[in-house]
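The values are calculated or read from the model by the stated rules, or taken from the named source; none is laboratory data. Quick caveat, the model's predicted, so the values are computed rather than measured. Note that we place each Cβ from the backbone using ideal geometry, even for glycine, and neighbour counts take in every protein chain shown.
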């Protein structure tokens, strides 16, 4: 029907009702094309959104995996506090042991010096 109307328009005469019917049908066709284009664009937009959300989910899982590699602050502080106390205890024990060795060495040195003095005067 549209072709017939276009041919009549090309010849130069057409009735008013047919003219408006032709205009309305073309307008309806353009609107249908626009709606179809919008549906296609919406489908592409939804696909892109799904792709981005999938990428974000992958990133989130990578961040959670990376976060699990870290030590929590309270656990770290508890372990370092225990380690510091252990080091101080070992340091005190080593200091006490060094003091005993030094005391024994000084005592032994004094005893040896006293023996040498005694031997020096006794042999004369």
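What to note about this one:
- Any hit, the range 67-81, residues being without any contact (Cβ under 8 Å) to a residue 12 or more places away in the chain and in contact with a helix residue (DSSP H, G or I) (Cβ under 9 Å, 6 or more places away or on another chain): yes
- Boolean, residue 17 is closer than 28 Å to residue 3 by Cβ and surrounded by fewer than 10 Cβ atoms within 10 Å (Cβ to Cβ): yes
- Condition met for residue 10 (modelled with pLDDT of 85 or more, part of a helix (DSSP H, G or I) and out of contact with any strand residue (DSSP E or B) (no Cβ under 8 Å at 6 or more places or on another chain)): no
- Residue satisfying all of: in the range 13-37; out of contact with any helix residue (DSSP H, G or I) (no Cβ under 7 Å at 6 or more places or on another chain) and not in a helix (DSSP H, G or I); modelled with the lowest pLDDT among these: 13
- The listed residues are 49, 78, 53, 59, and the only one of them that is assigned to a helix (DSSP H, G or I) and over 23 Å from the mean Cα position of the chain (by Cα) turns out to be 78.
- Residue within the range 65-73 that is assigned to a helix (DSSP H, G or I) and surrounded by 10 or more Cβ atoms within 10 Å (Cβ to Cβ) present: no
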